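Okay, structure first, notes after.
The values are calculated or read from the model by the stated rules, or taken from the named source; none is laboratory data. Since we're looking at a predicted model, the values are computed, not measured. Cβ coordinates were reconstructed from backbone atoms using ideal geometry, including for glycine residues, and neighbour counts include every protein chain displayed.
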Amino acid sequence: MSDKPNGRELKIVKGTVSPDTTAQTPGMIRKPGIDGNTAGASKVWLGHVEAVPNTMGPPHHHGDAETAAYVLKGHVRVYYGEDYKEYVEAGPGEFLFVPANFNHIEGNPYDEPAEVVLSRGPDNIVVNL
């Protein structure tokens, strides 16, 4: 059996790469693990995110990309709605879903850093508003 069926191949990526290689918003340091550069992925972005303590990013959305996140440590808060007054907050062991084209502000309002595994597809699209 070939490890390259139909010209594709399996990949192991050891760790993440520089956050400079992907879209960012202030306060959320997104480090790619699986993306077009590291694995040739065209329909998914998977990475590790550090949420800086006491920092909230600007309003943005992720275009046609849906976002799924799993919180490893700390808490991540996502504001949305009229004047961004509503919010949800996810902590360790919790999953968070953000629909495509959904305006929001994300961040970490606490003194401790937060860590999240983030998946987005087809790429790490960030549209700052």
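Points worth noting:
- Selection from the range 65-99 of residues that are more than 14 Å from the chain's Cα centre (by Cα) and farther than 13 Å from Val116 by Cα: Tyr79, Tyr80, Gly81, Glu82, Asp83, Tyr84, Lys85, Glu86, Tyr87, Val88
- Complete set of residues in the range 25-47 that are buried (at least 17 other Cβ atoms within 10 Å of the Cβ) and of a type outside the set (A, V, I, L, M): Thr25, Gly27, Arg30, Lys31, Pro32, Gly33, Asp35, Gly36, Thr38, Trp45, Gly47
- Asp111 buried (at least 19 other Cβ atoms within 10 Å of the Cβ) and at pLDDT 90 or above: no
- Test result for Thr16, among the hydroxyl-bearing types (Ser, Thr, Tyr) and either in contact (Cβ under 8 Å) with a residue 40 or more places away in the chain or within 22 Å of Leu129 (Cα to Cα) (or both): no
- Within the range 28-63, tally of residues that are acidic (Asp, Glu) and in contact with a Phe, Trp or Tyr (Cβ under 7 Å, 6 or more places away or on another chain): 1
- Segments classed as strands (runs of 3 or more DSSP E), wholly inside the range 1-112, with at least 1 members that are touching a Lys or Arg at 6+ places or on another chain (Cβ under 9 Å) and polar (S, T, N, Q): 66-73, 105-108
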